[in-house]
Number of protein chains: 2
Amino acid sequence: MTQKPAIILVNPQLGENIGMVARAMLNCGLTDLRIVNPRDGWPSDRANAASSGAFEWGVVPTIYTSTVDAVSDLHFTLATTARPRGMIKDVYTAHSAMAAAHEKITKGQNVGILFGAERTGLENEDVALANAIITVPLNPDFSSLNLAQAVLLVSYEFMSQGDNTPALQTHTGKTDIAKADAVSNFVVRLLSSLSDADYFKSDDHRPTMERSLTNLISRHQWTEQEISTLHGIVSGLIKVK
Amino acid sequence: MTQKPAIILVNPQLGENIGMVARAMLNCGLTDLRIVNPRDGWPSDRANAASSGAFEWGVVPTIYTSTVDAVSDLHFTLATTARPRGMIKDVYTAHSAMAAAHEKITKGQNVGILFGAERTGLENEDVALANAIITVPLNPDFSSLNLAQAVLLVSYEFMSQGDNTPALQTHTGKTDIAKADAVSNFVVRLLSSLSDADYFKSDDHRPTMERSLTNLISRHQWTEQEISTLHGIVSGLIKVK
């Protein structure tokens, strides 16, 4: 399995939040959850209940008694914090931090990301252990992420940078995109039916109107099934009396 | 104010979730929340309680009785769904969809994003109204986002694509990055103190050791304050008896 960043929760308070963090992680394929001194103890029924099964489906929690121990095998440690700490340290966005994480991991390094307690965040002592800081750029007038949401955004950045889903796909179901001849056959048929219905009135405007109708149909991509439906619409309408 | 996408919740069930959606939106600067037939009614104390003040700080909720009404002023409507619907439709990732949203908005178009009810998601009738689909690429073996998390990821993609936070900043507090002369002065001082302490033992290895120590210090960027601290460390250590 490809190595992925560890998520390290330092002094988390509520079991529910630990469970929701596990759920957020696994949505993005992360499984290494390190928990330093969970206030309400471990194991936690509340964490399990809030995890939507993330612990059964892959997230492995490990308990530590100090942040130093929790990061001991890491080559590159990032600390998440919303505020500057008066500390000399590089500050990444979530996006650029996860680009750096991919790069370090490709070189065989272990990467981990520290998240502080609900409300209070990381202590300066924990931030000092990290190589660099992540500050997620958010609305400066309203930055109010909960712990699991912060983990979700950082994990999502890691996953999406390794993702190769095409930017745009067209779902066509069982049919295929129509070729030009199917489209132009329909246009010919439409113009002919309109002519029969005396739609074009004067011959003066007819070429312009025909070009405009041809464009109306041709500028979209249609599927074969849709072209067939369009033929059916014309067939239906010409029966109207 | 720059136009931003509307978030449209179709048949949401719990007030708490609507509040958490508002909170997720405002973190990313979105304020236009459209709610189609909220099951538990509106206004909602539970929504307010879960919003962390998002409704007071900018999110404007509007209630509609149909999805058709809720999207009526939009030029480009996206439907979020995790599964294919056997419908002929373009499918974007969250990232590419929000790139398209920025482009449409730049052209003066109104953009909105439909989210279905908790558990069941959007009805096919609602998906059919949209111009295209968003499917957030997640762990195929464990895709389990709640409503507010789905809104958060899409809103975050919109915000971060308009964000110009530098990928990497260095917080130096009140001090500046040291120039080469400050660094090399320290290196000279270090080598001299080590020489006094008879660190280099043989003259054979001395040039190599000096080069290696010079590199150890020089390959990092230091601040002026840190160089001063390094001098202090040397001064402290040479007093050890």
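The values are calculated or read from the model by the stated rules, or taken from the named source; none is laboratory data. Note that the coordinates shown come from a computational prediction; the quantities given were computed from them, not determined experimentally. With ideal geometry, Cβ positions are generated from the backbone for all residues, glycine too; neighbour counts draw on all protein chains shown. Heavy atoms of the whole protein, side chains included, go into the accessibility calculation; ligands, DNA and RNA do not. Shrake-Rupley method; radii C 1.70, N 1.55, O 1.52, S 1.80 Å.
The set of residues in the range A:109-122 that are closer than 18 Å to A:T135 by Cα, of a type outside the set (A, V, I, L, M, F, W, C) and in a loop (DSSP other than H, G, I, E, B) comprises A:G116, A:E118, A:R119, A:T120.
Only one of A:D45, A:D69 is among the acidic types (D, E), under 20 Å from A:N110 (Cβ atoms) and at pLDDT 95 or above. Can you tell me which? Talk me through it step by step, then tell me what you get.
Working: A:D45 fails: under 20 Å from A:N110 (Cβ atoms).
Exactly one residue qualifies, and that residue is A:D69.
Restricting the range B:120-129 to residues that are among the hydrophobic types (A, V, I, L, M, F, W, C) and in contact with a strand residue (DSSP E or B) (Cβ under 7 Å, 6 or more places away or on another chain) leaves a set whose member that is nearest to the other protein chains (Cβ to nearest Cβ) is B:V127.
For the range B:109-118, which residues satisfy the criterion of being more than 8 Å from B:T77 (Cα to Cα) and either of a type in the set (V, I, T) or touching a residue at least 40 places away in the same chain (Cβ under 8 Å) (or both)? Break it down stepwise before answering.
Pass one, the range B:109-118, residues more than 8 Å from B:T77 (Cα to Cα): B:109-110, B:115-118.
Selection gives B:N110, B:F115, B:G116, B:A117, B:E118.
Filtered by the rule that a residue be more than 10 Å from chain B (Cβ to nearest Cβ) and in contact with a helix residue (DSSP H, G or I) (Cβ under 6 Å, 6 or more places away or on another chain), the range A:130-154 gives A:I134, A:L147, A:V151, A:V154. Scanning the range A:48-68 for residues that are farther than 16 Å from A:P12 by Cβ and assigned to a loop (DSSP other than H, G, I, E, B) gives A:S52, A:G53, A:E56, A:W57, A:G58. Residues in the range B:77-88: is at least one touching a strand residue (DSSP E or B) at 6+ places or on another chain (Cβ under 9 Å), modelled with pLDDT of 95 or more and open to solvent by 20 Å² or more (accessible area, probe 1.4 Å)? Looking through the range B:77-88, at least one residue is touching a strand residue (DSSP E or B) at 6+ places or on another chain (Cβ under 9 Å), modelled with pLDDT of 95 or more and open to solvent by 20 Å² or more (accessible area, probe 1.4 Å). Out of all the residues in the range A:16-38, is one or more more than 17 Å from A:A148 (Cα to Cα) and under 22 Å from the mean Cα position of the chain (by Cα)? So far as the range A:16-38 goes, no, none of its residues is more than 17 Å from A:A148 (Cα to Cα) and under 22 Å from the mean Cα position of the chain (by Cα).
Within the range A:107-134, the residues that satisfy the criterion of being open to solvent by 40 Å² or more (accessible area, probe 1.4 Å) and out of contact with any Leu (no Cβ under 9 Å at 6 or more places or on another chain) are A:K107, A:G108, A:R119, A:T120, A:E123, A:N124, A:E125, A:A128.
Among the residues of the range B:166-186, those identified as surrounded by fewer than 16 Cβ atoms within 10 Å (Cβ to Cβ) and in contact with a Ser or Thr (Cβ under 7 Å, 6 or more places away or on another chain) are B:A167, B:L168, B:T175, B:D176, B:I177. Here A:V240 meets the list (1) open to solvent by 40 Å² or more (accessible area, probe 1.4 Å); (2) among the β-branched types (V, I, T); (3) assigned to a helix (DSSP H, G or I) almost entirely, failing just condition (3).
Can you tell which of A:S155, A:S144 is under 30 Å from B:G19 (Cα atoms), of a type in the set (G, A, S) and without any contact (Cβ under 8 Å) to a residue 12 or more places away in the chain? Spell out the reasoning first.
On the way: A:S155 fails: without any contact (Cβ under 8 Å) to a residue 12 or more places away in the chain.
Exactly one of A:S155, A:S144 is under 30 Å from B:G19 (Cα atoms), of a type in the set (G, A, S) and without any contact (Cβ under 8 Å) to a residue 12 or more places away in the chain, namely A:S144.
Looking at the range A:187-198, which of the residues that are in contact (Cβ under 8 Å) with a residue 24 or more places away in the chain and small (G, A, S) is surrounded by the fewest Cβ atoms within 10 Å (Cβ to Cβ)? Spell out how you get there, then give the answer.
Within the range A:187-198, the first condition is being in contact (Cβ under 8 Å) with a residue 24 or more places away in the chain, and the residues that meet it are A:187, A:189-190, A:193, A:196-197.
Applying the additional criterion that residues be small (G, A, S) yields A:193, A:197.
Working: A:S193: 14, A:A197: 11.
So, considering only residues that are in contact (Cβ under 8 Å) with a residue 24 or more places away in the chain and small (G, A, S), the one surrounded by the fewest Cβ atoms within 10 Å (Cβ to Cβ) is A:A197.
Scanning the range A:14-60 for residues that are under 17 Å from B:S143 (Cα atoms), surrounded by fewer than 18 Cβ atoms within 10 Å (Cβ to Cβ) and in contact with a Lys or Arg (Cβ under 9 Å, 6 or more places away or on another chain) returns a single hit, A:G53. Of all residues in the range A:7-39, those satisfying the criterion of being assigned to a loop (DSSP other than H, G, I, E, B) and either hydrophobic (A, V, I, L, M, F, W, C) or at pLDDT below 95 (or both) are A:L14, A:C28, A:L30. Looking across the range A:202-241, the residues that are touching a helix residue (DSSP H, G or I) at 6+ places or on another chain (Cβ under 9 Å) and over 22 Å from A:D181 (Cβ atoms) come down to A:R206, A:M209, A:L237, A:I238.
Looking across the range B:158-173, just one residue is more than 7 Å from every other protein chain (Cβ to nearest Cβ) and closer than 16 Å to A:K89 by Cα, and that is B:P166. Across the range B:71-108, the qualifying residues are those that are within 18 Å of A:S160 (Cα to Cα), of a type in the set (S, T, N, Q) and part of a loop (DSSP other than H, G, I, E, B), and the one among them that is farthest from the other protein chains (Cβ to nearest Cβ) is B:T81.
Annotation: of all residues in the range A:199-224 being open to solvent by less than 100 Å² (accessible area, probe 1.4 Å) and modelled with pLDDT under 90, the one that is farthest from the other protein chains (Cβ to nearest Cβ) is A:S202. When we screen B:I63, B:I35, B:I18, B:I7 for residues that are more than 14 Å from chain A (Cβ to nearest Cβ), of a type in the set (A, V, I, L, M), touching a Gly at 6+ places or on another chain (Cβ under 8 Å) and touching a residue at least 12 places away in the same chain (Cβ under 8 Å), the only hit is B:I7.
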